[in-house]
Amino acid sequence: MPIDQPENPRIRTKVARLDRHVDQRFFEILERLRAGEIDVDGFQSRTLGFLEEIGMADFFADDIEAAARADDQHWLMRRHVDHCRYTILFFRVDPSEVHPPHHHHNLISTQIVMRGRIHLREYERVARDETGQLSLRLVNDAILGPGEAFQASEWKRNVHWFCALDEPAVLFNINARGYERTTFDATDDGPFGRRYLDPTHFDENDLIVCEEFDEAEAERRFQGRRLSEFPAPPPGKTPDAQLVISL
C-alpha cells in the first residue's frame, strides 16, 4: 500500500551537487516509489536505465576523478523527504580494503563499479531464530569490473561483503532509506545503518547461521583480508545474470 503522506512533504536537502536535470529525475523516481506508484524492482530497474541513458563515465567524469583522489566519500546528494531519505555518491575502495559483511534495515541500494575490480559475495536472509541469530544462504560469489552492478533491498540480496583487488576501485552508490513497506525484522525501529555479521560458518546443507556485532569487531575480523581467504558454500541457487550497464 502507498505510504500515508501529506500533500506537501517536508523536504530537507543536506548536500546538493547533482546536475539539476539528474537531480529532478531521481527525485521523481523516488517520489513514485514513496507514493507506492512503482515497487522496489521498478525503482531499481529505472535507476539503472536512467544511469545508462546519461552515460555515466562521461557525465560523472569529474566526480569519478574526485572520488579516486578523495580520502572520504564524494557526496552528490543527501536529501530527506518526510521520514524517507536518500544519498547519491561515489567512493574509492583501496586494494584489499574490505567492506565487511553486513545487512541493512529498510534500505534499497544500487552500486556500480566504475573503475577497478571488486570481489563480491551476496546473501539472502532466510530467518531469524528465537535467540536472535540470522540464517543466510549465499546467492552470488563473483568478481565485478567496470559497468557491473549489484543491488540490495529488504527482501533481495540484503547481505553483502566486498573488497577491492589489485588496484583502487571506484564505485557509484545510491541508497534509499525508509521506503520499504514491510521489513524482515518487523518490529525493528532502529537506525538504517549497517548491521555486521560473520557468514563464514555453514552446515552440511550450506545454511549459514551467524551472530551480529558492532563495526569494531567487524573490522578486527575482516579488514585487510580478501574474501578468498574465507570459506564459502556454493551459491544456493542458479545465479541470476550479472547486472551490467553501458558506461
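Remarks
- Per the listing V93, V139, V98, V113, the residue uniquely in contact with an Asp or Glu (Cβ under 6 Å, 6 or more places away or on another chain), under 26 Å from A66 (Cα atoms) and β-branched (V, I, T) is V113.
- For region 125-139, the set of residues classified as without any contact (Cβ under 8 Å) to a residue 40 or more places away in the chain and either part of a strand (DSSP E or B) or within 14 Å of the chain's Cα centre (by Cα) (or both) consists of A127 only.
- Scanning region 28-47 for residues that are buried (at least 17 other Cβ atoms within 10 Å of the Cβ) and touching a residue at least 40 places away in the same chain (Cβ under 8 Å) turns up L30, L33, R34, V40, F43, Q44, T47.
- Region 199-223 residues that are under 11 Å from P101 (Cα atoms), paired with ones that are among the basic types (K, R) (beta carbon under 8 Å, 6 or more apart): P199/R121; E212/R195; E215/R194
- Top-ranked residue of region 204-213 - restricted to ones that are more than 12 Å from V126 (Cβ to Cβ) and acidic (D, E), ranked as surrounded by the fewest Cβ atoms within 10 Å (Cβ to Cβ): E204
- Filter pass, E122 being free of Cβ contacts under 8 Å to residues at least 40 places away in the same chain and surrounded by 15 or more Cβ atoms within 10 Å (Cβ to Cβ): yes
- With a requirement of 1 or more residues that are polar (S, T, N, Q), the helices (runs of 4 or more DSSP H) lying completely within region 1-106 that satisfy it span 20-34, 40-54.
- Selected residue (criterion: nearest to N8 (Cα to Cα)) from residues of region 70-112 that are of a type in the set (F, W, Y) and buried (at least 20 other Cβ atoms within 10 Å of the Cβ): Y86
- The condition of being surrounded by 19 or more Cβ atoms within 10 Å (Cβ to Cβ) and in a loop (DSSP other than H, G, I, E, B) holds for P199.
- V15 on the phi < 0 side of the Ramachandran plot and in contact with a Cys (Cβ under 6 Å, 6 or more places away or on another chain): no
Read the figures in this text as sums done on the coordinates, not as results from a lab. The shown structure was predicted, so the numbers you read here are calculated from the model rather than taken from an experiment. All Cβ positions, even for glycine, are placed from backbone atoms using ideal geometry, and neighbour counts span all protein chains on display.
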